[in-house]
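The values are calculated or read from the model by the stated rules, or taken from the named source; none is laboratory data. Keep in mind the model is a prediction, meaning the values are calculated, not measured. Neighbour counts are summed over all protein chains in view; Cβ atoms, including those assigned to glycine, are modelled from backbone coordinates with ideal geometry. Each accessible area value is taken on the protein alone, full model and side chains, heavy atoms only, with ligands, DNA and RNA left out. Shrake-Rupley method; radii C 1.70, N 1.55, O 1.52, S 1.80 Å.
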Amino acid sequence: MIKFLYVIFMNLFRAPYMIPKMRYQANHPEKYSEQKRYALVRHAITLMKRTGHIHTKAYGEENLPKEGGYIMYPNHQGKYDALGIMITHKTPCSFVMDKVKSRMILTSEIVDLVQGKRLDRKDVRQALPVLNEVAEEVKNGRKYIIFPEGDYVFNNHNNISNFKAGCFKCALKAKAPIVPVALIDSYKVFNSFTLGKVTTQVHYLKPLLYEEYKNLKTVEIAKIVQERITKVVEEYSIAVPY
């Protein structure tokens with residue numbers, strides 16, 4: 001949280017220029033291609049990384065499918081998670097996030113630039129149409145990030161909560177590859193009391209293809225993805241006494 005406030009403060013002088021530019025491009029997708037808008041998002045993330053002394057290392061990029069749409073399912077640690085993925089994911093991707101949290105300044109611009117989906121956690125019936133929209137877009141080649149834990153715990157020390165099976169229904173409907181993504185130390189960026197230099201890790205794991213999971217229940221799929229991510233997090237994260 002301290003670093004989050006620090007980064008916001010140190011970039012206030014850029015806000016009068018960057019925020020309107022991001023909002024304008026987000027409101028006029030007919031003028032700016034998906035690649036152009038995504039490049040602006042990555043530029044904004046780069047500025048935040050430089051200011052906050054944040055370094056993100058990516059592993060397993062060769063595991064990302066070369067063609068077609070797919071859904072990335074990462075563990076959830078905090079505000080930096082989607083940003084850490086997008087800065088290492090070179091081709092445009094989008095994400096699903098909580099409707100309330102998505103209304104914050106800058107966050108709202110980023111969501112709209114990548115045409116992300118806002119999910120109302122208090123309205124269970126609203127979730128189905130949103131996930132159906134994601135499935136249709138993935139069928140048409142888009143890439144999405146969905147956090148199967150739903151929410152995150154502040155300063156979670158790389159712990160992983162149970163994955164919710166329901167969010168894997170859109171992968172089944174899209175018949176798309178599922179890419180497990182292991183995030184390590186991402187919580188330290190904006191959701192801990194750390195102020196110094198931070199290095200996070202993004203591990204793109206081998207995808208789970210539709211032919212491999214099509215006969216499984218969503219509960220079984222969730223378990224497989226969670227176990228794969230947990231194994232990598234436990235292997236690569238550094239145990240630090242608190």
Problem set entry | Count of the range 4-20 residues which are at pLDDT 95 or above and surrounded by 15 or more Cβ atoms within 10 Å (Cβ to Cβ) | 2
For this session: Go through the range 194-230 and count every residue that is free of Cβ contacts under 8 Å to residues at least 24 places away in the same chain and under 22 Å from the mean Cα position of the chain (by Cα).
Result: 2
Exercise. Any idea which residue in the range 118-177 is nearest to Tyr80 (Cα to Cα), counting only those that are open to solvent by 50 Å² or more (accessible area, probe 1.4 Å) and at pLDDT below 90?
Worked result: Arg121
Exercise. How do the pairs read when you match residues in the range 180-191 that are in contact (Cβ under 8 Å) with a residue 60 or more places away in the chain and under 9 Å from Gln77 (Cα atoms) with residues anywhere that are open to solvent by less than 10 Å² (accessible area, probe 1.4 Å) and among the acidic types (Asp, Glu), using Cβ under 8 Å and keeping only pairs 6 or more apart or on different chains?
Worked result: Leu183/Asp81; Ser186/Asp81
For this session: Please verify whether the range 35-44 includes one or more residues that are in contact with a Phe, Trp or Tyr (Cβ under 9 Å, 6 or more places away or on another chain), under 29 Å from Cys167 (Cβ atoms) and not acidic (Asp, Glu).
Result: yes
Exercise. So which residues in the range 193-208 are modelled with pLDDT under 95 and hydroxyl-bearing (Ser, Thr, Tyr)?
Worked result: Thr194
Exercise. Looking at Pro148, Pro129, which one is of a type outside the set (A, V, I, L, M) and not in a helix (DSSP H, G or I)?
Worked result: Pro148
Exercise. Any residue at all in the range 89-108 that is of a type in the set (Ser, Thr, Tyr) and touching a residue at least 40 places away in the same chain (Cβ under 8 Å)?
Worked result: yes
Problem set entry | Subset of the range 201-215 [open to solvent by less than 60 Å² (accessible area, probe 1.4 Å) and either part of a loop (DSSP other than H, G, I, E, B) or of a type outside the set (Phe, Trp, Tyr) (or both)] | Gln201, Val202, His203, Leu205, Pro207, Leu208
Exercise. Do we find a residue being touching a Cys at 6+ places or on another chain (Cβ under 6 Å), of a type outside the set (Asp, Glu) and closer than 23 Å to Cys93 by Cα anywhere in the range 217-227?
Worked result: no
